[in-house]
Structure formats: structure tokens, C-alpha cells
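Each remark here refers to the structure printed beneath this line.
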Amino acid sequence: MKIAAFVSSSSHHGNTATAVQKFLDGAKDAGAEVEICYLHDYDMKPCRGCRACEKTGKCVIQGDDVPKLHEVIRSADAYVLATPTYYGDISSAFKVFVDRCYPFVDIWKDEETQQMRFGSRNKVRRPGVLIAVSGSHGDMVFDSHMKVGYFCLNDLNSYPWREFCIPFTTWTPVKDMPETVAALYQGGQDLVRHLESGEGEDLAKTGAYFARYRELKY
Ligand SMILES: Cc1cc2nc3c(=O)[nH]c(=O)nc-3n(C[C@H](O)[C@H](O)[C@H](O)COP(=O)(O)O)c2cc1C
């Protein structure tokens, strides 16, 4: 069983990385293989918006490291997406990563409602975890992080299994938040048990998430 994490802070030792590492420590101690991709270590060109991948499932951009990230996605049984807050929103590296996941999207038209539907080319449904960290903003800032994170997970055929939103790290870094560190470690352990049990998706949770972030009523 492999859990892959994608960290969009430039620091390997900052708050976002620490939160992810604590989560993965729990998963590792419970028996999982883990892989962390620090996105700043990868050459990721921005999406050109040509939409060719909507038809082909392949990206026209060549010569960067995004195919390596896609291989990690294909090899994983669960995903952890992690971003710090920059200017009240997700980091630019997180956005580039999310945009470049567009080749995983499977778009189709619901004949009954005549609406566009966004599924995934990935066949297997897998749990997804979102970790978001802010410096001085409070909880409400994470709404946009959750929205974009959910869109990305949906592209990967992943359901929102759990979220960890950690505000106010300017005053107290994540490593000095014992309750948060314990919750992250426990979350990693719980994810392994969740995967092992085969209990699958909580449809009510996904439905609530879907209603909030996908229906675009705001
Ligand atoms: C360019 C930049 C913009 C930031 N904007 C915000 C912000 O709008 N709100 C906030 O709460 N924190 C903001 N921060 C603080 C970071 O979210 C915070 O320091 C976080 O812990 C950084 O995570 P890291 O240690 O993993 O890099 C910003 C930091 C940077 C570098």
C-alpha cells in the first residue's frame, strides 16, 4: 500500500512539510509505503489551456517533470495534497500542479440534465487528504484551498477522506502544536486502517463536499 503526498511549499522543513511528514509518519508506522513529492523540486510548466487533453488524456507540454508526478499518482493508493496559504489562497505551485492534473479528467454530458460532468480517467476510487496551513489567517481562509483541492481530487477519482486545516502558524509553528501533531499522526494511522478495511467512501461526506464546492452556487 502506497500513500503519495504532494507538498507545495518550497521548504522541506516548514509548516506544510512538517504537517505532511507527521501524517506520513503515522501511515509509515502503520505499515504503509510513503512517497513525498516536494513540488518545488520538480520542473512544472504552467498549463497552456489548450484543452487537447480533454480528448486525448495526454498533455501537449514536453520536457518537464510533470510526467514523473503523474507516475506517482498512478502508483498510489491514496493521495495527500498540501498547500500553505499565500495571499489568502493556495500557493502558486499548488495551482500549477492542480492545473496539470487536467489530463486525468474525463468530461461527459449528462443526457438527462444536459449538464457537463467531470469524472476521472483513473479507474480506481481512492481516498484523498487535504492539508492546508496559514500564517495569520483564521479558518475561513481555507475555503478556497478546500475547493481547489476537491476539484483536483475529483480529477484523480479520489474522495475527500479527511482535511487538516491549520491556522495561525506565524505565532506557533506546527512542530510546537502537540495536539495538531498528534491528530496528524493519528490521521496517517487511520488512513492505513481505512485502506486495509476496504470500507471505502463515506458517500454522505463526499455528497456534502460536492454540494458545497462543485455546484458553484456562490
Ligand atoms: C508569499 C506569501 C504570502 C502569504 N500570505 C499569507 C496570507 O495571506 N495569509 C496567511 O495566513 N498567511 C500567509 N502567509 C504565511 C504562510 O501561509 C505561513 O507562513 C505558512 O506557515 C507557510 O508554510 P511553509 O512553512 O510550509 O512554507 C504567506 C507567506 C508567503 C511566503
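Measure off, as a whole percent, the carbon and sulfur share of the 1.4 Å-probe accessible area of the chain, all protein chains present.
52
How many angstrom separate the Cα center of region 105-146 from the Cα center of region 30-91?
Their Cα centres are 14 Å away from one another.
For Arg126, Arg212, give the ranking by accessible area with the largest first, probe 1.4 Å.
Ranked list, largest accessible area first: Arg212, Arg126.
Report the one residue of Gly31, Val192, Val96 whose Cα lies farthest in the direction of the positive end of the charge dipole of the chain (charges on C-beta: Lys and Arg +1, Asp and Glu -1; origin at the Cα centre).
The residue sitting farthest along the positive end of the dipole is Val96.
Apply the Karplus parameterisation 6.51 cos²θ - 1.76 cosθ + 1.60, with θ equal to phi minus 60°, to every residue of region 123-135 and state each ³J(HN,Hα) to the nearest whole Hz, in sequence, with x for glycine and proline.
Result, ordered by residue: 7, 9, 8, 10, x, x, 10, 10, 10, 10, 10, 10, x Hz.
Given Lys2/Lys58; Lys45/Lys147; Lys55/Lys109; Lys2/Lys95; Lys95/Lys175, which pairs have Cα atoms separated by over 20 Å?
The answer is Lys2/Lys58; Lys45/Lys147; Lys2/Lys95; Lys95/Lys175.
Please tell me the relative contact order of the chain in percent, rounded to the nearest whole number, where contacts are Cα pairs under 8 Å and at least six residues apart. List each step's numbers first, then the result.
On the way: 394 pairs, mean separation 55.1, N = 218.
That works out to 25 percent.
Residues with amide H under 5 Å of Tyr86's amide H, sequence separation 5 or more or different chain, H placed in the peptide plane at 1.01 Å from N; which?
Under 5 Å from the amide H of Tyr86 lie the amide H atoms of Ser91, each far enough along the sequence or on another chain.
Rounded, prolate or oblate: pick one for region 1-103, where a ≥ b ≥ c are the square roots of the eigenvalues of its C-alpha gyration tensor, a/c under 1.5 means rounded, and failing that, prolate if a/b is larger than b/c, else oblate.
oblate
Would you work out if region 148-218 is rounded, prolate or oblate? Take a ≥ b ≥ c from the square roots of the eigenvalues of the alpha-carbon gyration tensor; rounded if a/c is under 1.5, else prolate when a/b is larger than b/c, oblate otherwise. Let's see the in-between values first.
On the way: a/c = 2.77, a/b = 1.30, b/c = 2.12.
Cα axes put region 148-218 in the oblate bin.
What are the aspartates and glutamates whose alpha-carbon lies under 15 Å from the alpha-carbon of Lys68, with same-chain residues fewer than 8 places away excluded?
The qualifying aspartates and glutamates are Glu35, Asp41, Asp43.
Of the residues Met140, Met116, Met44, which exhibits the maximal mean-square fluctuation in a Gaussian network model of the chain defined by a 10 Å Cα contact cut-off?
Comparing Met140, Met116, Met44 in a Gaussian network model of the chain, the most mobile one is Met116.
Whose amide H sits under 5 Å from the amide H of Ile166, counting only residues 5 or more places off or on another chain, with H placed in the peptide plane?
Under 5 Å from the amide H of Ile166 lie the amide H atoms of Ala132, Val133, Ser134, each far enough along the sequence or on another chain.
Once the principal axes of the Cα atoms of the chain are found, what is the range along each, listed largest first in whole angstroms?
51, 38, 36
Any idea what the alpha-carbon Rg over 2.2 N^0.38 Å comes to for region 101-209?
So the Cα radius of gyration is 1.25 times the expected 2.2 N^0.38 Å.
Please label the shape of region 125-189 as rounded, prolate or oblate, based on the square roots a ≥ b ≥ c of the eigenvalues of the alpha-carbon gyration tensor (a/c under 1.5 means rounded; beyond that, a/b larger than b/c means prolate, else oblate).
Judged from the Cα gyration tensor, region 125-189 comes out oblate (a/c at least 1.5, b/c at or above a/b).
Of Ala78, Ala183, Ala204, which is the most mobile in a GNM of the chain whose springs link Cα atoms less than 10 angstrom apart?
Between Ala78, Ala183, Ala204, it is Ala204 that shows the largest mean-square fluctuation.
How large is ³J(HN,Hα), in whole Hz, for each residue of region 58-65 in order, when computed from phi with the Karplus curve 6.51 cos²θ - 1.76 cosθ + 1.60 and θ = phi - 60°, using x for Gly and Pro?
So the Karplus estimates, Gly and Pro as x, are 10, 8, 7, 6, 10, x, 10, 9 Hz.
The values are calculated or read from the model by the stated rules, or taken from the named source; none is laboratory data. Computed from a predicted model, the values in this text were never measured in an experiment. Note that each Cβ is placed from the backbone with ideal geometry, even for glycine, and that neighbours are counted across all protein chains shown. Calculation scope for accessible area: heavy atoms of the full protein, side chains included, ligands and nucleic acids excluded. Shrake-Rupley method; radii C 1.70, N 1.55, O 1.52, S 1.80 Å.
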